[in-house]
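First comes the structure, then the notes that go with it.
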Amino acid sequence: MIRDTTVLMNEKRVFKPSEEIKENALVKNWEAEIEKGKNLEKYWSEKAEQFEWFKKWDKVLDESNKPFYKWFLGGKINLAYNAVDRWIKSEKRNQVAIIYINERGEEKKITFYELYLAVNKLANALKNLGVKKGDIVSTYMPMCPELLIALLACTKIGAIHSVIYSGLSVGSLVERINETQVKVLFTADGTYRRGKVIDLKSIADEAVLQCPSVETIVVVNHTGTPIELSKLSGREIFYERLVEGEASYCEPEPMDSEDPLFILYTSGSTGKPKGVIHTTAGYMLGTATTLRYVFDIHEDDLFWCTGDIGWITGHSYVIYGPLLLGTTTVVYEGAPDYPDPGVWWKIVEKYGVTKFYTAPTAIRHLMRFGIRYTDLYNLESLRILGTVGEPINPEAWIWLYKNVGKERCPLMDTWWQTETGMHMISPLPVSDLKPGATALPLPGVDADVVDGKGNPVPVGKGGYLVIKKPWPAMFRNLHKNKERFKEIWSEFPGCIYNAGDMVRKDEDGYFWIQGRSDDVLKIAGHRIGTAEVESAFVSHPAVVEAAVIGRSDPIKGEIIKAFIILRGGYELKTKLIGELKKHVRHELGPVAVLGEIVQVDKLPKTRSGKIMHRILRAQEMGENLGDTSTLEE
Ligand code: WT7
């Protein structure tokens, strides 16, 4: 869905930071910091000093084999060591690292020292299961402490993790597990969602039957639902049993800067989801540095990112960014409106959250309940707010800024992606803010707007969002898909990365993101490819062909509109519509929100048989169909 930012850019309101913010900010002069960031290697190597390296790097950036850039060559480092072990040698030893809270109001606080012991025990247990450096471990878990412990244990021994979002279902699990040849899978009995316990175990069971590479399934008894280990596989073990009797010291594996850290699947515009690979040192540096400056992290901060660890937001800013800075992170399991729409604000008040990072879709949802709940709680602990995942509409921006931030807290609209690993375009707390704009590329990041040929476009004119220089947390490859990786980088002349978004710059250089330029939908901030939804449709016996586009939705941003051709003998009646919705949900999980299904006789295609989504979108918006010369008929 492309929003018309020409209208938004007429909105001339600018919000300035208060004196107090300016005095306390780590970065006091935004422009000067951006200037410093222009010397990429100097800038990032200075920031890299924040970590404890087992061996310092020999070379900051190696561009000799584009687009396979390398950062901090020759360096040896370990993520878990820097995120946990390092702090127990300091006064942070007994500081809370993780506050886990769920919708039932239960909480668990884990100090850095307790986290250290738990990570070590599990790391040793994984070794005993035969997991070695470079092996792949998957998780299909709720937002719970054991998930963070599992990921840290992997990084401690050099295993590569591949997190699978708990909202995905059997098909997605099987595909991801088989493609990565996962050895060990972590799952749990269930997860709390709106007063119910959602059964994850039986989904994992069904999937594992089709996944021969999985040697062990580790089951966390999270909700206390009595579960029997299934007799089917004989490969299972309870988490408590697994770590029982394990030693609580584990030597951190000295990882090469460029050793793979994790794989995370995300949707592209064609085909199946792609496994984005991030490597160790650059990713650590990118997430820790951006979190520090964008959210202005100080010693006494309590950071809460509401994103799920199943997506990049949770990887970078629920777990790794905060722990690498020694900051307490809130892990919340539940929905924003259960038991009531004040649950988030209640948590902010109870724990004194200082930095709050969320998604526009959640804010649009909560806005519907008015200001009763934001007024009910004391939100004065908050200092900085942030959003991510999709463009934020000015109304939602203003609502959050006014009613949650009480016009005192700068709101950081951060633009980034699974591929970028870290924030790329965002204001800093000292920046002037414009509701609906993501402000400027961060220091050390070079982003721009270009036309289809890679040439810069004038102010106010739309173009492609590209990144022009390498950045430390850049993705390094696609799992088993080197060719596709290379294509992404070579689309425009010069070595620049096409992010797949359309954007306009205003006279101050501020970026106004318009939306995706490709066939990727953003449903409640979740990314889903039209190709995946189409293939889910045609796997139903009634459907011959399908084409889907995004339809705008006031809360979710966009939802799916499907055009389908039915097999003879089928009719699109209420029953079939219900069945198709259920089928697509079973294939793809609840992220695939279906708005409308319409039956058609033909779909607009090119002569080579590719569906022309552009034509369907234009028709939907009542716009001119544009260039139709490649249309078959
Ligand atoms: C796509 C990346 C990065 C964490 C969550 C999403 C859209 C992201 C913004 C923003 C406008 C945004 C873009 C981008 N997006 N942040 N602040 N303003 N659009 O990660 O699932 O990899 O999706 O999300 O379209 O390309 P992702």
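Would you call residue 466 within 15 Å of the ligand (Cβ to nearest atom) and without any contact (Cβ under 8 Å) to a residue 60 or more places away in the chain? Break it down into steps so the answer makes sense when it comes.
Numbers: within 15 Å of the ligand (Cβ to nearest atom): yes; without any contact (Cβ under 8 Å) to a residue 60 or more places away in the chain: yes.
Spelling it out, residue 466 is indeed within 15 Å of the ligand (Cβ to nearest atom) and without any contact (Cβ under 8 Å) to a residue 60 or more places away in the chain.
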**Prompt:** If you take the residues of segment 368-405 that are within 16 Å of residue 524 (Cα to Cα) and surrounded by fewer than 19 Cβ atoms within 10 Å (Cβ to Cβ), which of them is nearest to the ligand (Cβ to nearest atom)?
**Reply:** 393
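Mind checking which residues of segment 178-229 are assigned to a helix (DSSP H, G or I) and under 24 Å from the mean Cα position of the chain (by Cα)?
Going residue by residue through segment 178-229, those that are assigned to a helix (DSSP H, G or I) are 178-180, 201-208.
178, 179, 180, 201, 203, 204, 207, listed by residue number.
The rows are residues; the columns are (1) over 30 Å from residue 551 (Cα atoms); (2) not in a loop (DSSP other than H, G, I, E, B).
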site	(1), (2)
1	no, no
7	no, yes
13	no, no
23	yes, yes
27	yes, no
35	yes, yes
43	yes, yes
47	yes, yes
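One line per residue, one yes/no per condition, for (1) among the aromatic types (Phe, Trp, Tyr); (2) modelled with pLDDT of 95 or more; (3) closer than 30 Å to residue 70 by Cβ; (4) surrounded by fewer than 20 Cβ atoms within 10 Å (Cβ to Cβ):
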position	(1), (2), (3), (4)
243	no, yes, no, no
249	yes, yes, no, yes
254	no, yes, yes, yes
257	no, yes, yes, no
268	no, no, yes, no
**Item:** Test set (1) in a loop (DSSP other than H, G, I, E, B); (2) of a type outside the set (Val, Ile, Thr); (3) touching a residue at least 24 places away in the same chain (Cβ under 8 Å) - residue 569 fails condition number
**Value:** (3)
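When you scan segment 475-513, how many residues do you find that are part of a strand (DSSP E or B) and either more than 19 Å from the chain's Cα centre (by Cα) or more than 9 Å from the ligand (Cβ to nearest atom) (or both)?
Filtering segment 475-513 down to residues part of a strand (DSSP E or B) leaves 477-478, 497-505, 511-513.
After this cut, where a residue has to be either more than 19 Å from the chain's Cα centre (by Cα) or more than 9 Å from the ligand (Cβ to nearest atom) (or both) as well, the list is 477-478, 497-498, 502-505, 511-512.
Within segment 475-513, residues that are part of a strand (DSSP E or B) and either more than 19 Å from the chain's Cα centre (by Cα) or more than 9 Å from the ligand (Cβ to nearest atom) (or both) number 10.
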**Asked** If you go through segment 10-40, how many residues are closer than 20 Å to residue 447 by Cβ, under 27 Å from the mean Cα position of the chain (by Cα) and surrounded by 13 or more Cβ atoms within 10 Å (Cβ to Cβ)?
**Response** 6
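Here is a check on your reading of the model: is residue 115 in contact with a Lys or Arg (Cβ under 9 Å, 6 or more places away or on another chain) and either of a type in the set (A, V, I, L, M) or open to solvent by 50 Å² or more (accessible area, probe 1.4 Å) (or both)? Quick ask: steps written out before the conclusion?
Working: in contact with a Lys or Arg (Cβ under 9 Å, 6 or more places away or on another chain): no; either of a type in the set (A, V, I, L, M) or open to solvent by 50 Å² or more (accessible area, probe 1.4 Å) (or both): yes.
Against the criterion (in contact with a Lys or Arg (Cβ under 9 Å, 6 or more places away or on another chain) and either of a type in the set (A, V, I, L, M) or open to solvent by 50 Å² or more (accessible area, probe 1.4 Å) (or both)), residue 115 does not qualify.
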**Asked** Looking at this structure, is residue 185 open to solvent by less than 30 Å² (accessible area, probe 1.4 Å) and either in contact (Cβ under 8 Å) with a residue 60 or more places away in the chain or touching a strand residue (DSSP E or B) at 6+ places or on another chain (Cβ under 6 Å) (or both)?
**Response** yes
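Out of all the residues in segment 214-227, is one or more among the charged types (D, E, K, R) and buried (at least 22 other Cβ atoms within 10 Å of the Cβ)?
Of segment 214-227, the ones among the charged types (D, E, K, R) are 215.
Next, only the ones that are buried (at least 22 other Cβ atoms within 10 Å of the Cβ) stay: none.
Within segment 214-227 (the criterion being among the charged types (D, E, K, R) and buried (at least 22 other Cβ atoms within 10 Å of the Cβ)), the answer is no, since none of the residues qualifies.
Would segment 476-486 turn up any residue that is open to solvent by 10 Å² or more (accessible area, probe 1.4 Å), closer than 30 Å to residue 46 by Cα and in contact with a Ser or Thr (Cβ under 7 Å, 6 or more places away or on another chain)? Walk me through it before giving the result.
Restricting attention to segment 476-486, the residues satisfying the condition of being open to solvent by 10 Å² or more (accessible area, probe 1.4 Å) are 476-477, 479-484, 486.
Among the residues that remain, those that are also closer than 30 Å to residue 46 by Cα are: 476-477, 486.
Subsequent filtering for residues that are in contact with a Ser or Thr (Cβ under 7 Å, 6 or more places away or on another chain) retains 476.
Yes, the conditions are met somewhere in segment 476-486.
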**Message:** I need a count of the residues in segment 286-311 that are out of contact with any Phe, Trp or Tyr (no Cβ under 8 Å at 6 or more places or on another chain), under 14 Å from residue 384 (Cα atoms) and away from the ligand (no atom under 12 Å from the Cβ).
**Reply:** 5
**Request:** Consider only pairs whose beta carbons are under 9 Å apart and that are at least six residues apart or on different chains; among these, list those whose first residue lies in segment 488-500 and is touching a residue at least 60 places away in the same chain (Cβ under 8 Å) and open to solvent by 40 Å² or more (accessible area, probe 1.4 Å) and whose second residue is within 15 Å of the ligand (Cβ to nearest atom) and in a loop (DSSP other than H, G, I, E, B).
**Result:** none
**Asked** Of these, 338, 283, which one is within 16 Å of the ligand (Cβ to nearest atom), aromatic (Phe, Trp, Tyr) and either open to solvent by less than 20 Å² (accessible area, probe 1.4 Å) or assigned to a loop (DSSP other than H, G, I, E, B) (or both)?
**Response** 283
**Message:** Tally up the residues in segment 518-552 that are of a type in the set (Ser, Thr, Tyr) and either surrounded by 21 or more Cβ atoms within 10 Å (Cβ to Cβ) or within 9 Å of the ligand (Cβ to nearest atom) (or both), please.
**Reply:** 1
**Request:** Kindly list, by first and then second residue, each pair from a residue in segment 600-626 that is closer than 22 Å to residue 544 by Cα to a residue that is in a helix (DSSP H, G or I), limited to pairs with Cβ atoms under 7 Å and residues at least 6 apart or on different chains.
**Result:** 604/615; 604/616; 613/530
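The values are calculated or read from the model by the stated rules, or taken from the named source; none is laboratory data. The model shown is predicted, which means the values in this text are computed figures rather than measured ones. We place every Cβ from the backbone using ideal geometry, glycine too, and count neighbours over all the protein chains shown. For the accessible areas, the whole protein counts, side chains as well, though only heavy atoms, and no ligand, DNA or RNA atoms are used. Shrake-Rupley method; radii C 1.70, N 1.55, O 1.52, S 1.80 Å.
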